[in-house]
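See structure below.
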Amino acid sequence: MSPQMKKLSILGIRGIPAAHGGFETFAEYLSLYLVSKGWEVTVYCQVEEGEVSSTVWNGVNLINIPVKQGGSLGTVIFDFKSIVASLKSDDVILTLGYNTAIFNVLHSITRRKNIINMDGIEWKRDKWGKVAKGWFWINERLGCWFGSHLIADHPKIKTHLESRVKSEKITMIPYGAKFIDNVGSESLNKLGLRKKEYLIIIARAEPENSILEIVTGFSNQKRDVKLLILGNYDFVNNSYHKLIQKAANEEVIFAGAIYDSAVVSELRFHALAYIHGHRVGGTNPSLVEALGAGNAVIAHDNEFNRWVVGEETMFFSDAESCSEKIGMIISSQDLAQRMRHSSISKYRANFTWENVLQSYEELLLAWARK
């Protein structure tokens, strides 16, 4: 294949280098991987001010599009502007997420090759009101119609999408993570933690992520280990966050949001276990990253989590069962060690970046040839 045919534009994210979430991290890994394979990659990036400009980052072309508005409105405006700008090229397009799929009609009517990663079932999330849920429901349908091809990051997401379109229009490729080992421990010292003497939660503080159930279950007795919680909390204005704070005992540490990936890797790696309370979604990046760190995992019992994790994972459904599983792993080093080995085995089988990125390139090459 000629180099001219190996051209990709990535839309649907705020931009790279990654600073915001799972899709941005994935886009960064995929862009660098494809550039190393001879692709010309362009990523559309949202900036706050200035004019539309082009820069190059580690061989990746960045199109910087200024949007003054913040929040959800700013995202919608940016997505529209980036989609319009992408019509000027003949690249294969990879759209990450379907939240503004209504604008992808422009790709459809101009016969662009647009592969859409359909993410999770956003309209089922508890955090959204009726208007937002309606918007996501409609855009999920539109994404299925307007996308040239769809990517599901979990078999259950693929099954869900098959109720909208034919199976052959969907490819299942999970999320990936890096393998974490041989890291330092300076971050532990700053937080007053000791290796394998704390549990860790890394999640947005929302009801659907079971934070209240986990904190309640952990705090119903003295554990002689810590529960470290990473994420933004507003104990003044947010009623759900207030409930979590009230449920927490003195062994719970709210460390705030930490965006330094090296620090997060240290905190993951040295934890006795990672507790994952997500109830909705496909292949959750934080859960896959826990497997890559060799964490023993205690996960909420649902079909999404069960497919991702290893055989030795323990599951909970409420505060009481979570408390029971926490007690079991604290009391048995042998159990914790078996769980760690199981996580690493599952990671190596399904979730290495090498396998995930190779699968993406194969799919993108097939569409570039069309």
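Which whole-number percent gives the relative contact order of the chain, counting Cα pairs below 8 Å spaced six or more residues apart?
14
Provide the net charge surrounding E362, with neighbours chosen by a C-beta distance below 12 Å and charges set as Lys +1, Arg +1, Asp -1, Glu -1.
+1
By counting other Cβ atoms within 10 Å of each Cβ, how are D91, D126, D153, D119 ranked from fewest to most?
Going from least to most buried by this count: D126, D91, D119, D153.
How high is the FRET efficiency from L87 to Q358, r the C-beta distance, R0 35 Å, rounded to 0.05?
Here the calculated transfer efficiency is 0.75.
Would you mind working out the magnitude of the charge dipole of the chain relative to its Cα centre, with +1 at each Lys and Arg C-beta and -1 at each Asp and Glu C-beta, to the nearest 20 Debye?
About 780 debye.
222 nm [θ] for the chain, helices only, -39500 (n - 2.57) per DSSP H run of 4+, per residue, to 500?
Helix-only estimate at 222 nm: -12500 deg cm²/dmol.
Under 19 Å Cα to Cα from K222, which lysines show up? Leave out anything in the same chain fewer than 8 places away.
Output for K222: K195, K196, K246, K325.
How far, in nm, would the chain grow between V131 and W57 when pulled straight, counting 0.36 nm per residue and subtracting the alpha carbon separation?
22.8 nm
Where Lys and Arg each count +1 and Asp and Glu each count -1, what net charge lies around S89 among other residues with Cβ under 12 Å from its Cβ?
Residues close to S89 contribute a combined charge of +1.
According to a simple spin-label model (label point 7 Å from Cα along Cα-to-Cβ), what is the distance in nm between F80 and E48?
About 2.3 nm separates the two model spin labels.
Given the C-alpha centroids of region 71-93 and region 121-193, what is the distance between them in whole angstrom?
20
Using only the Cα atoms of region 176-257, build the gyration tensor, take square roots of its eigenvalues as a ≥ b ≥ c, and label the shape rounded, prolate or oblate: rounded if a/c is under 1.5, else prolate if a/b is larger than b/c, else oblate.
Prolate is the answer for region 176-257, as a/c is 1.5 or above and a/b outweighs b/c.
Using a/c under 1.5 as the rounded threshold, could you call region 186-350 rounded, prolate or oblate? The axes a ≥ b ≥ c are square roots of the C-alpha gyration tensor eigenvalues, and prolate needs a/b larger than b/c, oblate otherwise.
Rounded.
Can you tally the net charge around E312? Count Lys and Arg as +1, Asp and Glu as -1, for every other residue whose Cβ sits under 14 Å from the Cβ of E312.
Spelling it out: positives minus negatives among the neighbours equals +3.
Treating the beta-carbon of each Lys and Arg as +1 and of each Asp and Glu as -1, no other charges, what is the dipole magnitude of region 77-152 about its Cα centre, to the nearest 20 debye?
With Lys and Arg at +1 and Asp and Glu at -1, about 180 debye.
Between K124 and R111, what is the spin-label point distance in nm, taking each point 7 Å from the Cα along the Cα→C-beta axis?
In this crude label model, K124 to R111 measures out at 3.8 nm.
Expressed in nm to one decimal, what extension gain is obtained for the pair E168 and D334 from 0.36 nm per residue of sequence separation less their Cα-Cα distance?
Using 0.36 nm per residue and subtracting the Cα-Cα distance, I get 55.3 nm.
Which Cα, out of V236, W353, S321, lies furthest along the positive dipole direction of the chain (beta carbon charges, K/R +1, D/E -1)?
W353
Place +1 on the Cβ of every Lys and Arg and -1 on the Cβ of every Asp and Glu in region 186-350, take the dipole about the Cα centre, and give the residue among A205, I275, V263 whose Cα lies farthest towards its positive end.
Positive-end residue among those listed: V263.
So between N182 and K195, what do we pick up on full extension, going 0.36 nm a residue minus the alpha carbon distance?
Extending this stretch completely gives an extra 3.4 nm.
No value in this document is a laboratory result; all are computed from the given coordinates. All values reported here derive from a predicted model rather than from experimental measurement. All Cβ positions, glycine included, derive from the backbone under ideal geometry; neighbour counts span all protein chains shown.
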